[in-house]
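Each value in this text was obtained by applying a stated rule to the coordinates, not by laboratory testing. Nothing here was measured: the structure is a model prediction, and the numbers come from that model. Cβ placement follows ideal geometry from the backbone for every residue including glycine, while neighbour counts extend to all protein chains displayed.
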Amino acid sequence: MKEITRRQFGKVAAASAALAGISLPEFLPHSSFAQQPAGSRQFPPGFVWGCATAAYQIEGGVHEGGRGASVWDVFSHTPGKTYNGDTGDVADDSYHLYKEDVRLLKNLGVRAYRMSIAWPRIFPQGTGQPSSAGLDYYKRVLDELQQNGITPYVTLFHWDLPAALPGGWQSRSTALAFADYAGYVARQLSDRVRHFMTTNEFACFTDLSYQVGQFAPGLKLPAAEVNQVRHHGILAHGLAVQAIRANAPAAEVGLAENARVCVPVIEDRANVEAARRATREENAPFLTTLLEGAYPETYLQREGANAPHVEPGDMKAIGSPLDFVGLNVYTPTYVRADGSQRGYAIEPYPASYPKMASPWLYIGPECIYWAVRNVCEIWNPRAVYITENGCSSTDVVTRAGRIEDTDRVMYLRNHLANLQRAAAEGFPVKGYFLWSLMDNFEWADGYSKRFGIHYVDYKTLKRTPKLSAEWYREAIARNAVV
Ligand code: GCO
């Protein structure tokens, strides 16, 4: 199971014919921040610094407040599905310790927190009768954030699909149920939340979950069915955008997507152009489709009879305009111009390529710059946030009780330097959410991989700031790369 890397399955499109007749806009600087002095390490004024988490990964309390089961409860309790049989039953127990977690945020000086709402806490059966206890829990968390001057950025779906929904994402009705849930939450929380993200990382809850079987519900379906699952995922996103707008007209709406980040091997015109083409092509069934409101022709041709069945109105919903695009950025895909009809080739990683503690986490800090630049040059979104960036490290607690994660500091510093480049060049990058506030349940890897800047002792649930937390606090205080 562990040989299967996330990066490979984030690979959303395979080899294909060249894009016919696509003209890519030339880059234009977006703001006067581009005028700042050369060599500055500052971020633009008002840049949003935050941390990110997700409900199933931190909350625990799986039976509290009438919460229904999610597919991740079922999956993690199935022998052999997660490392060591780990589950999210307790996780960081943020369900009970959320005030302490808000204190951690406050101590860092972050002004924003990306958190997710567990659908089965709000609708235990996925649809039907909402649970007021579930909603009240999130109201308490949001009030605590507000009292501490921290703005919530709320993800509505971070993979904890209610287990009671028949057929899961194989069923079109799940997309409709998601829109109902999104509209309900937006209406109930519009006084407390101004920024919503619909879904987190399509490839993980479609391909990895229904094709590879590595994530819940752990199925291995044929291509046509996987494409239909993907379609239901992006349809759910689009319908949810409409539902949020109808119920919370003042809210800003976006999503959090782990688009494949195509980095030119050499920064010259031909390779830069190749990376841009590759970005559009490699993200065909997800980001490309929802930002263009249509499946790319190359994708439809490639999939042929396996292409998704689309109903009237679907593409209009899927292409609903967004206020921002959130990008979860971890690892690069190196691309070069190869003179082929498609216009690019993907470079393999040599065996010596450096990685962090997760086997898929190849280190390439410039990928954060290219993530922003490619997306802005191709689709010109109003705003971009880095909704996740961070890394796993083999943290150890010293005898003095310190966690000196210099490798994480190295990873973060280099990514921020590249993000600062994107901001300085005028791309509309508005904020950065570090993954993660604290160590947590890392899906199929259970508790074996630590991504936090706070160390969690899973026996006592004690949180301890790592060196990286001290470093992040300094970066935030100076609004700069440090
Ligand atoms: C994802 C999720 C997070 C992960 C993080 C590290 O990208 O998989 O959004 O839940 O924990 O990315 O793998």
Anything in region 183-232 that is charged (D, E, K, R), under 16 Å from LEU161 (Cβ atoms) and part of a loop (DSSP other than H, G, I, E, B)? List them, or say none.
GLU201
Hey, ARG269 in contact (Cβ under 8 Å) with a residue 40 or more places away in the chain and of a type in the set (Lys, Arg) or not:
no
Considering only residues that are farther than 30 Å from GLU366 by Cβ and among the polar types (S, T, N, Q), look in region 295-337 and name the one that is nearest to the ligand (Cβ to nearest atom).
SER320
Can you tell me which condition VAL482 does not meet? The list is (1) away from the ligand (no atom under 15 Å from the Cβ); (2) in a loop (DSSP other than H, G, I, E, B); (3) in contact (Cβ under 8 Å) with a residue 40 or more places away in the chain; (4) under 18 Å from VAL396 (Cβ atoms), and all the others hold.
(4)
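Given the criteria away from the ligand (no atom under 16 Å from the Cβ), hydroxyl-bearing (Ser, Thr, Tyr) and more than 16 Å from GLU257 (Cβ to Cβ), does TYR362 qualify?
In short, no.
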Looking at region 420-446, which of the residues that are surrounded by fewer than 22 Cβ atoms within 10 Å (Cβ to Cβ), over 19 Å from the mean Cα position of the chain (by Cα) and in a loop (DSSP other than H, G, I, E, B) is nearest to the ligand (Cβ to nearest atom)?
GLU425
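Within region 448-470, how many residues are more than 16 Å from the chain's Cα centre (by Cα), of a type in the set (Phe, Trp, Tyr) and within 12 Å of the ligand (Cβ to nearest atom)?
Matching residues across region 448-470 total 0.
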I need every pair where a residue in region 194-205 that is closer than 19 Å to PRO285 by Cβ has its Cβ under 7 Å from the Cβ of a residue that is among the charged types (D, E, K, R) and not in a loop (DSSP other than H, G, I, E, B), sequence separation at least 6 or different chains.
GLU201/GLU257; PHE202/ARG230; PHE202/GLU257
Return the residues of region 142-188 that are within 16 Å of the ligand (Cβ to nearest atom) and either among the charged types (D, E, K, R) or farther than 21 Å from GLN57 by Cβ (or both); say none if nothing qualifies.
ASP160
Looking at region 243-272, which of its residues are within 16 Å of the ligand (Cβ to nearest atom) and not in a strand (DSSP E or B)?
ASN258, ALA259, ARG260
Tally up the residues in region 367-410 that are more than 18 Å from the chain's Cα centre (by Cα) and part of a helix (DSSP H, G or I), please.
8
